[in-house]
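Enquirer: Below you'll find the structure I mean.
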Amino acid sequence: KAGVTQTPRYLIKTRGQQVTLSCSPISGHRSVSWYQQTPGQGLQFLFEYFSETQRNKGNFPGRFSGRQFSNSRSEMNVSTLELGDSALYLCASSLAGTGVGWVLSPFFGPGTRLTVL
Amino acid sequence: LAKTTQPISMDSYEGQEVNITCSHNNIATNDYITWYQQFPSQGPRFIIQGYKTKVTNEVASLFIPADRKSSTLSLPRVSLSDTAVYYCLVGESGTASKLTFGTGTRLQVTL
């Protein structure tokens, strides 16, 4: 079974631009979450989607948004990029639905390395 | 989610057994304990998960005492390729995918 895939793997943008990152979960997984990882802040939760609905949201500004499609694929968008947005963006998928929870731990993709100049 | 505390770093020689302990004093009744491994510029990889007592799989063992206020990840006979950051997470069922990662433990394995 193929793992979580993320595209692109690397991206270079300049301040003020916007970017869209894509995530394809493991087949059959309906929950997709996004995380930002930086050396200074570590791994931080951005948001989680399940059945095309945002279920949880982390403490990030409105410039960070996401969506999930009917095939469970997800995209996240960052508008008006800032230098501090440079990070590894990770997507994780899991089978989890209501009431299933932690027993089915999420699997992470390889990440998208975003560099903002 | 319960807060976790792990050593920031550990060193080991190849072939040794490594035990990484995680403290989670505020663990709740419904919380599971999960460990992930992460290599540089890669996503975290699920290692093992448990609720109580001992869990073993092909790569590691997880020991959880009766009070569940701590847990120990045991890596038998580590190799150079086990050099990575190891994260301990604690969370309740129903909050799947809302993971809070701590600083993790950076394990350095040398010859």
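Enquirer: Let me check something: with ligands and nucleic acids excluded, how do B:TYR36, B:TYR51 order by accessible area (1.4 Å probe), largest to smallest? Please report the intermediate quantities before stating the final value.
Expert: Details: B:TYR36 0, B:TYR51 70 Å².
Order by accessible area, largest first: B:TYR51, B:TYR36.
Enquirer: Within region B:41-55, name every residue whose backbone N is under 20 Å away from a label modeled 7 Å from Cα of A:GLN44 along the Cβ vector.
Expert: It comes to B:41-44, nothing else.
Enquirer: Can I ask one more? With unit charges on the beta carbon (Lys/Arg positive, Asp/Glu negative), name the residue among A:ALA2, A:LEU114, A:THR80 whose Cα is farthest towards the positive pole of the charge dipole of the protein assembly as shown.
Expert: Most positive-ward Cα: A:THR80.
Enquirer: Let me check against my output: what whole-number percent is the relative contact order of chain A, with C-alpha pairs under 8 Å and at least 6 apart? Could the numbers behind the result be given before it?
Expert: On the way: 297 pairs, mean separation 41.7, N = 117.
Over chain A, the number comes to 36 percent.
Enquirer: If you don't mind, another one. Only bridges whose two residues both fall in chain A count here: according to DSSP, what percent of them are antiparallel, nearest 5? Don't skip to the answer; put the middle values down first.
Expert: Numbers: 37 of 41 bridges.
Around 90 percent of the beta bridges assigned by DSSP in chain A are antiparallel ones.
Enquirer: Quick one: order A:GLU82, A:GLU48 from most to least accessible surface, probe 1.4 Å.
Expert: Values: A:GLU82 95, A:GLU48 0 Å².
Final ranking, largest accessible area leading: A:GLU82, A:GLU48.
Enquirer: Roughly how big is the protein assembly as shown's charge dipole about its Cα centre, with Cβ charges of +1 (Lys, Arg) and -1 (Asp, Glu), in debye to the nearest 20?
Expert: On the way: 20 positive and 13 negative charges, 90 e Å.
Its charge dipole is roughly 440 debye.
Enquirer: In what order, largest first, do A:ARG67, A:ARG9 sit by accessible area if the probe radius is 1.4 Å?
Expert: Details: A:ARG67 125, A:ARG9 95 Å².
Ranking A:ARG67, A:ARG9 by accessible area, largest first, yields A:ARG67, A:ARG9.
Enquirer: Just the Cα atoms of the protein assembly as shown: what Rg and Dmax do they give in Å?
Expert: Values for the protein assembly as shown (Cα only, Rg and Dmax): 17.6, 53 Å.
Enquirer: For B:LYS69, which aspartates and glutamates qualify as cross-link partners when the Cα separation must be under 19 Å and same-chain residues fewer than eight apart are set aside?
Expert: B:ASP31, B:GLU92
Enquirer: Over region B:9-110, what is the relative contact order in whole percent, taking alpha-carbon pairs under 8 Å and six or more residues apart? Let's see the in-between values first.
Expert: Numbers: 233 pairs, mean separation 38.1, N = 102.
It rounds to 37 percent for region B:9-110.
Enquirer: D for chain B, whole µm²/s, Stokes-Einstein with Kirkwood Rh over alpha-carbon pairs at 20 °C and 1.002 mPa s: what number? Walk me through the intermediate numbers first.
Expert: Numbers: Rh = 14.0 Å.
The diffusion coefficient I find is 153 µm²/s.
The values are calculated or read from the model by the stated rules, or taken from the named source; none is laboratory data. What you see is a predicted model, and the numbers here were worked out from it, not measured in a lab. So basically every Cβ, Gly included, is an ideal-geometry build from the backbone, and we count neighbours across all protein chains shown. Surface accessibility is based on the protein's heavy atoms, side chains included, excluding ligands, DNA and RNA. Shrake-Rupley method; radii C 1.70, N 1.55, O 1.52, S 1.80 Å.
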